[in-house]
Amino acid sequence: MTFTLAQISQFINGVVEGNPDTIITDLAEIQHAEDGELTFLSNPKYSKYIATTHASAILVAKDFGGEFKNLIRVTDPYFAFSQLIPRFRPPIVPPNPGINPSATIDESVVLGKECYIGPNVIIESDCTIGDHVILLGNSYVGQKSEIGENSFIFPNVSIYHRCKIGANARIHSGTVIGSDGYGFVRTETGISKIPQEGGVEIGDDVEIGANCSIDRGTLRNTVIGKGTKLDNFIQIAHNVKVGEYCFMAAMSGIAGSTRVGNYVTIAAQVGIAGHLNIGDGVIVAAQSGITKDVGPNVIMFGSPAQDQHTARREIANTRSIPDIKERIKNLEKDLELLKRGK
Amino acid sequence: MTFTLAQISQFINGVVEGNPDTIITDLAEIQHAEDGELTFLSNPKYSKYIATTHASAILVAKDFGGEFKNLIRVTDPYFAFSQLIPRFRPPIVPPNPGINPSATIDESVVLGKECYIGPNVIIESDCTIGDHVILLGNSYVGQKSEIGENSFIFPNVSIYHRCKIGANARIHSGTVIGSDGYGFVRTETGISKIPQEGGVEIGDDVEIGANCSIDRGTLRNTVIGKGTKLDNFIQIAHNVKVGEYCFMAAMSGIAGSTRVGNYVTIAAQVGIAGHLNIGDGVIVAAQSGITKDVGPNVIMFGSPAQDQHTARREIANTRSIPDIKERIKNLEKDLELLKRGK
Amino acid sequence: MTFTLAQISQFINGVVEGNPDTIITDLAEIQHAEDGELTFLSNPKYSKYIATTHASAILVAKDFGGEFKNLIRVTDPYFAFSQLIPRFRPPIVPPNPGINPSATIDESVVLGKECYIGPNVIIESDCTIGDHVILLGNSYVGQKSEIGENSFIFPNVSIYHRCKIGANARIHSGTVIGSDGYGFVRTETGISKIPQEGGVEIGDDVEIGANCSIDRGTLRNTVIGKGTKLDNFIQIAHNVKVGEYCFMAAMSGIAGSTRVGNYVTIAAQVGIAGHLNIGDGVIVAAQSGITKDVGPNVIMFGSPAQDQHTARREIANTRSIPDIKERIKNLEKDLELLKRGK
């Protein structure tokens, strides 16, 4: 597809500076963009590429102060750019509604309108599948589970029994929802298992990446709130409650019975211990380990984690030890001189 | 289901204090419990809820000193509570024995009595499946593997060739057993693969969570001892030997050829380097990195890990640097005064 | 199989010292080897076992200075040993070419010569599968993807649409290739998804362990270079480019848009932040967190990571704090005495 800058500007409600008839043939990141391509500038780290990019035009913020031959000014350049992607790179067409004959669907299942159920999909008894749900091949849905309308389940997903997925969910391959919580007690003769008889409840508009594990609760449900987005390899233990519109980046985990507020951002490879309360709006830096309750809107860092100011000061302190040693050596020398001078 | 306190007390060998005719309709955690519900007190962190819980009765330890209208005293309140779960929350009925016609089972497979083999399960040649084994849909068992009696394999599990799973095992979805150990040598022309021709041996009564990977050995078997319980996302590299009745919490990994003793507890997000010996009864705190052999019953903490006393003292030391700087500043000031006074 | 030392020496181009007629019945690690077995010595940590091993012969380096009844001297003992494994432990015979009738292969798929397509494998429209490819049961290949000749795909692998796998690749179970990159923008009404319409490109001779996730790019491809070997649980985010002949050990992740050079070695449980450049030949120690660009051939360590010398000095500095406190106490005491002496 090709568009003029003027057309593109209309799609995203922007203002052109330069030649509105410039032809745009594709999108690209600023460091890779070629003649005819449109790029964007959002992360200031990339401003250095303005001088060298071969792009024909750049999407920039309204207050952008630099110069370039063709600009489109918008409120949020990254968001605007993302809105253009489907115009230039049409997504794969989803499969037509229908049930592949190799799927195994219990006769008690209530199946919505215009669903696609792929090859070898298994849906056990007493499940409810909403309208327009897509279940790609080789996925499994256990007894008495529900999937809300318009949800898209990629291949090889395992949803255990008594789990409830909301509408418009998107669940990637390899993810497991409803596996047993990790609950055991040591006894005199070995180890006894705590039955895990709660379920899992995933809100509307949730996206779950590849190879995640969301364990079922012991008595109640493990809960992922509306609009929350999980990256790959996320571990959610039993009885955890994650709030709405949270981010969790790859390889992070939350231990049992912890509650995470709304609008929380958890970076990659983070661990949060069990039985904690994490306030709304908290941000946790990558590789941190949270061991205590965290109040709202605090930025946490380190393992064990502290608020970011304390943690960064501690790193600076550690790095000042050579200076400390130097000062002590000088003190020792001076004191020795003083003593001798007596 | 509903029971009186007196009935419940009999189920778990407890002693009622209060009204034995109190009707109990469900179980709940202490902070969520409502009228008619029974709860328990085990973690002291939760004692604060005694004053506010709406529960009708609490399971407490024999030496519990607090007050509540109805109590049942038992040896281990958490364990007793767990024993009651199936009375109030009956588990999903397992599928009836039988072989789904869509399963692909090689004719050489020896299948025990009253197994359930779900849709699309694949069992390759020369496998032996014990009595009462349940293999839910879409799982795979490679050539010459064995699964012991009463084992329960959830959907989408991959068991490679020449792996041996004991009796009463429970293996959750997404788990891979017998993938190649990570063994390569750099050569002049690139990288050469070390063939991985050992197998995997999983003892009786082992539970393995979702999305774990247990690699096959190079020459001998990778071994998980009897009764050990693995959480989700556990990485066990080639030639590792984990002992009996160990715990490994989520996202922990053990590198190649390390031996872990019996009754070891490994918390979440731990890494243990290769070629080490970890003694019986060792406890490793979350996010630790073990780089050296560890003697029996030591508690390890930190990355690189040290015994817990040393590691915690080190954290305290680091946090005392501001005080150290203050003292140095005072020394410098005093010394300057002294010098000038001369 | 049994061979004489003389025969074995010929297989690996070595030089026998001792009795060339010694019969070798199997291979073993030095600490486990029994009479009749051949072992090797590569890691110096294991030299202590020379005194006690029951092995009949040892593969050693050309300059080995110790003594043992029978030796074979070779250039690289570990590599030579690995070359012998198939002689003593014949690998499982791969399945004969053929298409299992339960596979679902779109009629538009171009299938090479002598492929094996296992039970319940799904290959969507417009895919190209090279000659001699093996796809074991329950794997999935999305629309318009390609798999190069001789590649071996284990069960329960998910390859999304528009992904390209090179020749001689080996991909283990549970791995997901082409899942959406984790790209979202917070908006006034919630969170908006950035479409992820690039693909994934895996070079020739790449091995990918179990339960890995390699996300598709936003506009361009996420790339894994020729000959690179990934262990289990590897997270490769969108737009990442990993070079050729790299190692990545288990549970490591690379965040979006980072470029990793050639011949890089990343140990286990490492995190590398997004938008970074990691030079050729870099080595990253286990559990490190890389937050800045790294020049070629640097060894990095710690979280946040520094070059290994700085990082190790910092650990030593931290461990010297008790000594620092002692010296300050002495200074304070001496100064007090001096003051009083005035």
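No value in this document is a laboratory result; all are computed from the given coordinates. None of the values given here were measured: they were computed from a predicted structure. Please note: Cβ atoms are built from the backbone with ideal geometry, for glycine as well, and neighbour counts cover all protein chains shown.
Using 1/(1 + (r/R0)^6) with R0 = 35 angstrom and r between the beta carbons of residue B:131 and residue B:15, what's the FRET efficiency to the nearest 0.05?
It comes out at approximately 0.30.
Across peptide A:211-220, how many C-beta atoms of other chains are within 10 Å of each residue C-beta, on average?
Average neighbour count from other chains, rounded to a whole number: 6.
What does the net charge come to around residue B:39 if you take all other residues with beta carbon closer than 13 Å to its beta carbon, with K and R at +1 and D and E at -1?
Residues near residue B:39 contribute -3 overall.
Considering only C-alpha atoms, what is the centroid distance from the range B:222-256 to the range A:259-273, in Å?
After rounding, the separation between the Cα centres reads 26 Å.
Once you sort the root eigenvalues of the Cα gyration tensor of the range A:217-284 as a ≥ b ≥ c, which label holds: rounded (a/c under 1.5), prolate (a/b larger than b/c) or oblate (the other case)?
The shape class here is rounded.
What does the highest-first list of A:10-23, A:112-125 look like by mean Cβ count within 10 Å?
Packing proxy ranking, top to bottom: A:112-125, A:10-23.
Where the centroid of each part is defined by its Cα atoms, how far is the range A:9-87 from the range B:25-47 in Å?
58 Å
What FRET efficiency do you get for residue B:54 and residue B:2 if R0 is 22 Å and r is their Cβ-Cβ distance, rounded to the nearest 0.05?
Approximately 0.85, to the nearest 0.05.
Per-residue mean of other chain beta-carbon atoms within 10 angstrom of the beta-carbon, peptide B:133-143?
6
If each label sits 7 angstrom from Cα along the C-beta direction, how far apart, in nm, is residue C:101 from its counterparts in the other copies?
Relative to the other copies, residue C:101 has label-point distances of 1.2, 1.2 nm.
Find how many whole Å separate the alpha carbon centroid of the range C:280-342 from the alpha carbon centroid of the range A:131-158.
The distance from the Cα centre of the range A:131-158 to that of the range C:280-342 comes to 52 Å.
Please report, in debye to the nearest 20, how large the charge dipole of chain A is about its Cα centre when each Lys and Arg carries +1 at its beta carbon and each Asp and Glu carries -1 there.
The dipole magnitude comes to about 1640 debye.
How many partner chain Cβ atoms sit within 10 Å of a residue's Cβ in peptide B:309-319, on average, as a whole number?
Per-residue shielding by partner chains comes out at 3.
Using only the Cα atoms of the range B:236-342, build the gyration tensor, take square roots of its eigenvalues as a ≥ b ≥ c, and label the shape rounded, prolate or oblate: rounded if a/c is under 1.5, else prolate if a/b is larger than b/c, else oblate.
prolate
Testing the spin-label approximation: label points 7 Å from Cα along Cα→Cβ at residue A:265 and residue B:320. State their distance in nm.
Result: 3.8 nm between the two label points.
If the viscosity is 0.890 mPa s and the temperature 25 °C, what Stokes-Einstein diffusion coefficient in µm²/s follows for the range C:98-310 when Rh is the Kirkwood radius over Cα pairs?
For the chosen part, D equals 141 µm²/s.
Output, in nm with one decimal and in ascending order, the distances from the residue B:69 label point to the matching label points of the other copies (7 Å from Cα along Cα-to-Cβ).
Label point to label point, same position, other copies: 8.2, 8.2 nm.
Using a ≥ b ≥ c from the Cα gyration tensor of the range C:3-88 (square roots of the eigenvalues), is it rounded, prolate or oblate, where a/c under 1.5 gives rounded and otherwise the larger of a/b and b/c decides, a/b for prolate?
Taking the square roots of the gyration eigenvalues as a ≥ b ≥ c, the range C:3-88 is rounded.
Quick one: label points 7 angstrom along Cα→Cβ at residue A:11, distances to the other copies in nm, smallest first?
List, nearest first: 6.1, 6.1 nm.
Report P(r) for the range C:29-167: all Cα-Cα distances, bin width 5 Å, range 0 to the bin holding the largest distance, values in whole percent.
Taking every Cα pair in the range C:29-167, the percentages come to 2, 9, 15, 16, 7, 5, 6, 9, 11, 10, 6, 3, 1.
Past the 50 angstrom mark, what percentage of all C-alpha to C-alpha distances in the protein assembly as shown do you count?
Within the protein assembly as shown, distances greater than 50 Å cover 27 percent of Cα pairs.
Which FRET efficiency value, to the nearest 0.05, do you get for residue C:107 and residue A:25 by plugging their Cβ-Cβ distance into 1/(1 + (r/R0)^6) with R0 = 30 Å?
Step by step, r from the Cβ atoms, then E = 0.35.
Which distance in nm do the two modelled labels at residue C:292 and residue A:337 give, with both placed 7 Å along the Cα-to-Cβ direction?
Between residue C:292 and residue A:337, the simple spin-label model gives 3.5 nm.
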